[in-house]
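No value in this document is a laboratory result; all are computed from the given coordinates. It should be emphasised that the depicted structure is a prediction, and the values quoted were computed from it without experimental measurement. Cβ sites come from the backbone with ideal geometry, for glycine too, and all protein chains shown count toward neighbours.
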Amino acid sequence: MEYPEKLQEIVQLFEHLPDEEKRESLVSYSLTTKNFEPKDGEKFDLEDVRKDEECADTVGVFLQVDGEGRSHFRMTLGPQVQTLTKAMAAILCKGLEGVTPKAVMELASDFVPKIVGAQLVRVRSQTTYYILSRMKGICKVWSDRKRANPTSSI
């Protein structure tokens, strides 16, 4: 399966690691989530901040689509958000940087077990796919609004 270039690099980094090293790398990624928070003065086309049943705390997904149609994501994560969710947020913000909203919506989720490992996917299935589903959702809303009003800058 072909993934966006930045995501492909992350998948390749993880997929051949033993499970213990995958977990260590996930913890390292989880510590970088501050890098993907909205910066002062940033403007977004859509903001989706809420606490869902599948998540331990509030998660904010922020989408900005530039003039060339490329997505830029930011995230806010409440203090109770689990390490795995934090790691996936950082991985996906980095891996999907500059990808079109359409490509995000069409992205197959089969890369997730390659990153987190089959064991964690089984134990934490909701958590492992949660951030990706939120990112796809905000892209769909953006796309639907754009289709309804093509001349708008949303």
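Here are the numbers for the structure shown:
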read-out: Qualifying GluC sites (Glu not before Pro) in region 1-52, DSSP loop, other Cβ atoms within 10 Å at most 14; value: E2, E42
read-out: D48 paired with S28, simple spin-label distance in nm, labels 7 Å along Cα-to-beta-carbon; value: 3.0 nm
read-out: Selection from G117, L84, F14, by position along the positive dipole direction of region 5-146 (Cβ); value: L84
read-out: GNM top mover of R74, R50, R23 - the chain, alpha-carbon springs below 10 Å; value: R50
read-out: K140-D19 FRET efficiency (beta carbon distance; Förster radius 30 Å; 0.05 resolution); value: 0.35
read-out: Relative contact order of the chain, defined on C-alpha pairs under 8 angstrom at six or more residues apart (%); value: 27 percent
read-out: Folded to 0 to 90 degrees: helix 125-148 orientation relative to the chain principal axis, Cα; value: 10 degrees
read-out: For F36, F73, order by how many other beta-carbon atoms lie within 10 Å, fewest first; value: F36, F73
read-out: Rounded to the nearest 20 debye, dipole of the chain from Cβ charges on Lys, Arg, Asp, Glu; value: 340 debye
read-out: Gain upon complete extension [D110, E97; 0.36 nm per residue less C-alpha separation]; value: 2.8 nm
